[in-house]
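Asker: If you scroll down you'll find the structure; I have some questions about it.
The values are calculated or read from the model by the stated rules, or taken from the named source; none is laboratory data. Nothing here was measured: the structure is a model prediction, and the numbers come from that model. Please note: Cβ atoms are built from the backbone with ideal geometry, for glycine as well, and neighbour counts cover all protein chains shown. Note: areas computed on protein heavy atoms with side chains; ligands, DNA, RNA excluded. Shrake-Rupley method; radii C 1.70, N 1.55, O 1.52, S 1.80 Å.
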Amino acid sequence: MQSWIDPERQALAKSAAKVLKDNVVHNRSGLPPFRLPQVAQQLLDELFHFMSAGDTAPVLSLGHKLGHQGLGLRALLGLSRALLRQVLARLPGNAPEALEEAARVNDYLTLLVDALAEQERREIGVQRDEMQLALARAVQNRERELRGVILELSTPIMPVYDHILVLPLIGKLDRERASRITECLLRDVVDRQARTAIIDVTGVPVMDAEAVDALVRTARAVDLLGAHPVLVGIRPEAARALSDQGAHLAGIVVLANLQSGIVHALRREGLEVCASPLPQRGAARLYRGR
C-alpha cells in the first residue's frame with residue numbers, strides 16, 4: 001500500500017481530523033475536541049500498520065480504547081465512509097493489487113467499527129446496571145422513609161390525663177412494628193412521667209404467637225420503667241392466643257375495653273368518674289340574641 005498511497009498519508013490524516021471535528025457532537029464528553037487530530041493520526045498509523053502486517057489484535061484494541069475514551073460510533077462511521085471514498089479515489093487504476101488493498105482498507109475499518117460498537121455496548125450495559133442499582137437504592141430508601149412515616153402515624157400515643165397514656169393499636173402487629181411501638185411508648189412514658197400506660201389492641205385483627213410475644217414484651221418494658229401497664233380490648237380469640245402461648249401476665253392488668261381501662265387508670269390517680277346531670281331544656285343561656 002505504501003507504494004502508491006504513502007505520499008497521501010498526511011493529507012488523509014488532515015482529512016480524517018476534519019471529518020472527526022464535523023462529527024464532534026456524536027462523541028461523549030470524555031473525548032475533548034482538541035484531541036481529535038491526535039485520534040485521526042492514531043487511526044491512520046494503525047491503518048498503515050494493518051496493511052503491512054495484517055495483525056487484527058491492535059486494530060481491535062484501538063477500537064476498544066477509542067470507544068472507552070468517548071469516540072462515538074456515528075463519528076467513526078462518518079470517518080470510515082469518507083476515508084474509504086478518498087482511498088478509492090486515489091487508486092492507481094483498476095489493478096487487482098490496488099483493489100485488493102482497497103478491500104483491506106475496508107476490512108480495517110470494519111474491524112475498527114465492530115470493536116468500538118462492542119465497547120459502546122459494554123459501556124451502555126454498565127451505565128444501565130448502575131442506573132438500575134441507583135434506582136433500586138432510591139426505591140428502597142423511599143420505602144424505608146414511607147415505612148417510618150406509616151409507623152409513626154400508626155402508633156399515636158395520646159395523653160388522656162396527667163400521667164396517663166393511651167396507645168391504640170390498629171392493624172397487624174409484627175416484630176418490626178412492635179419494636180418501633182415499644183421504643184415510642186417507652187420514650188413517651190419517660191418524657192411525660194406517665195404512671196399508667198394503656199395499650200388498646202381492639203384494632204389488632206389477628207393475635208398470633210409473634211404478636212402475643214411482642215405485646216407481652218412491650219408491657220413488660222413499661223413495667224420495668226415503673227409505669228403500670230394495662231391491656232384493653234382483648235378479643236376472645238386474642239385471649240385464647242394469650243392462654244395458648246402461656247403468656248406471663250402477672251403484674252399486667254387486662255380489661256375488656258378502653259373505657260374500663262381509663263376508669264381504672266383514673267382510680268389509681270385517686271379520681272372517680274361520676275355521671276353529671278344533663279342540663280334541663282330551656283335553661284338560661286350565656287348568649288341572648290337581640
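Asker: For A227, state whether it is over 19 Å from N257 (Cα atoms) and in contact with a strand residue (DSSP E or B) (Cβ under 6 Å, 6 or more places away or on another chain).
Answerer: yes
Asker: Still on this structure: Considering R81, R74, which residue is closer than 16 Å to T110 by Cα, free of Cβ contacts under 8 Å to residues at least 24 places away in the same chain and not aliphatic (A, V, I, L, M)?
Answerer: Just a single option satisfies the conditions, and that option is R81.
Asker: In the range 181-289, which strands (runs of 3 or more DSSP E) lie fully inside it and hold 1 or more residues that are open to solvent by 50 Å² or more (accessible area, probe 1.4 Å), of a type outside the set (K, R) and at pLDDT 80 or above?
Answerer: Result: 196-203, 253-255.
Asker: For the range 140-157, indicate whether the set of residues that are under 20 Å from S260 (Cβ atoms), surrounded by 14 or more Cβ atoms within 10 Å (Cβ to Cβ) and at pLDDT 90 or above is non-empty.
Answerer: Within the range 140-157, not a single residue is under 20 Å from S260 (Cβ atoms), surrounded by 14 or more Cβ atoms within 10 Å (Cβ to Cβ) and at pLDDT 90 or above.
Asker: Find all pairs meeting these conditions: Cβ atoms under 6 angstrom apart; at least six residues apart or on different chains; first residue within the range 98-124 and farther than 15 Å from H64 by Cβ and touching a residue at least 12 places away in the same chain (Cβ under 8 Å); second residue open to solvent by 40 Å² or more (accessible area, probe 1.4 Å) and of a type outside the set (A, V, I, L, M, F, W, C).
Answerer: Sorted first by the residue in the range 98-124, then by its partner, the pairs are A98/P92.
Asker: Go through the range 18-68 residue by residue and tally those that are over 40 Å from the mean Cα position of the chain (by Cα) and aromatic (F, W, Y).
Answerer: Qualifying residue count for the region: 2.
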